[in-house]
1. State the percentage of accessible surface on region 116-187 attributable to carbon and sulfur atoms; use a 1.4 Å probe and exclude ligands, DNA and RNA.
2. Is region 75-194 rounded, prolate or oblate when judged by the Cα gyration tensor, a ≥ b ≥ c being the square roots of its eigenvalues, rounded requiring a/c under 1.5 and prolate requiring a/b larger than b/c?
3. Quick check: pseudo-label points 7 Å beyond the Cα along Cα→Cβ at Glu88 and Lys61, how many nm apart are they?
4. Output the relative contact order of region 39-180, whole-number percent, from Cα pairs under 8 angstrom with separation of 6+ residues.
5. Suppose each label sits 7 Å from its Cα in the direction of the beta carbon; what would the Asn137-Thr175 distance come out to in nanometres?
6. Quote the convex hull volume per residue of region 86-126, based on C-alpha atoms, as a whole number of Å³.
7. Pairs Lys51/Lys149; Lys59/Lys99; Lys59/Lys103; Lys51/Lys156; Lys61/Lys156: which exceed 23 Å Cα-Cα?
8. Calculate, for region 68-111, the solvent-accessible area per residue in square angstrom, rolling a 1.4 angstrom probe over the heavy atoms of the protein chains.
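The values are calculated or read from the model by the stated rules, or taken from the named source; none is laboratory data. From a predicted model like this one, the values you see are computed outputs, not experimental measurements. Positions of Cβ are generated from backbone atoms using ideal geometry, with glycine treated the same way; all protein chains shown enter the neighbour counts. Each accessible area value is taken on the protein alone, full model and side chains, heavy atoms only, with ligands, DNA and RNA left out. Shrake-Rupley method; radii C 1.70, N 1.55, O 1.52, S 1.80 Å.
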Amino acid sequence: MCSSDLGDPSLPKASNSKNIPAPSQSVVKQTAGKHESKDTPQKVANRHLTKQQKEYLAKIKSNPNDSRAWFNLGRTLENGHSIPVNGEDERSLFMQNGKPMTKQDCYKKAFSLNPQVASSWNGLGIILENGQSITVNGQPMTNQDCYKKALLFDAKFAYAWNNLGLILENGHSITVNGEDERSLFIDRKSTRLN
């Protein structure tokens with residue numbers, strides 16, 4: 001992304017300029033011939049973090065094993081956007097395979113830290129499109145499977161119910177497997193099971 005896309009009018013414009021710094025170079029703001037400050041593109045991006053994103057980043061820095069903070073950070077990121085990374089300490093936390101972590105990476109991290117909570121399974125379901133699957137403990141799981149698993153951990157987890165509703169809205173049906181799912185998804189008072 002070029003620096004002018006970040007909305008700062010004092011940064012160089014992308015049109016026909018050949019002196020636009022590469023992302024790893026610094027951008028120097030000038031006013032009347034004076035150097036005010038040195039901003040890297042990453043620092044400019046950090047100014048655009050929301051208050052919530054800053055809070056979740058701080059929580060993760062203080063406790064990298066906080067699965068809920070990873071899940072919530074993932075919720076705040078737009079698809080295709082990644083976490084701004086500053087310094088070596090953040091590189092080890094927020095980069096994966098040499099790239100800044102994305103929404104999907106945050107959800108996977110939350111799941112890897114604590115697969116025994118509804119939000120972890122819900123996040124895993126979010127990153128899967130209909131028809132895709134991911135293998136968990138040797139078993140292929142679809143987004144529907146992940147949402148159902150989330151509800152088995154917390155039957156009142158509204159996000160998972162909403163996501164299952166979106167699957168139904170798109171013309172798909174919910175498959176009920178096993179007694180645990182039957183008790184969760186089928187009202188025994190009005191439906192008789194054989």
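1. 46 percent
2. Taking the square roots of the gyration eigenvalues as a ≥ b ≥ c, region 75-194 is prolate.
3. 1.7 nm
4. Details: 168 pairs, mean separation 23.1, N = 142.
The value is 16 percent.
5. Calculated label separation equals 1.9 nm.
6. Values: hull volume 2.9 nm³, N = 41.
Convex hull volume per residue, Cα atoms: 70 Å³.
7. Numbers: Lys51/Lys149 31 Å; Lys59/Lys99 21 Å; Lys59/Lys103 17 Å; Lys51/Lys156 28 Å; Lys61/Lys156 30 Å.
The answer is Lys51/Lys149; Lys51/Lys156; Lys61/Lys156.
8. Values: 2280 Å² over 44 residues.
Value returned for region 68-111: 52 Å² of accessible area per residue.
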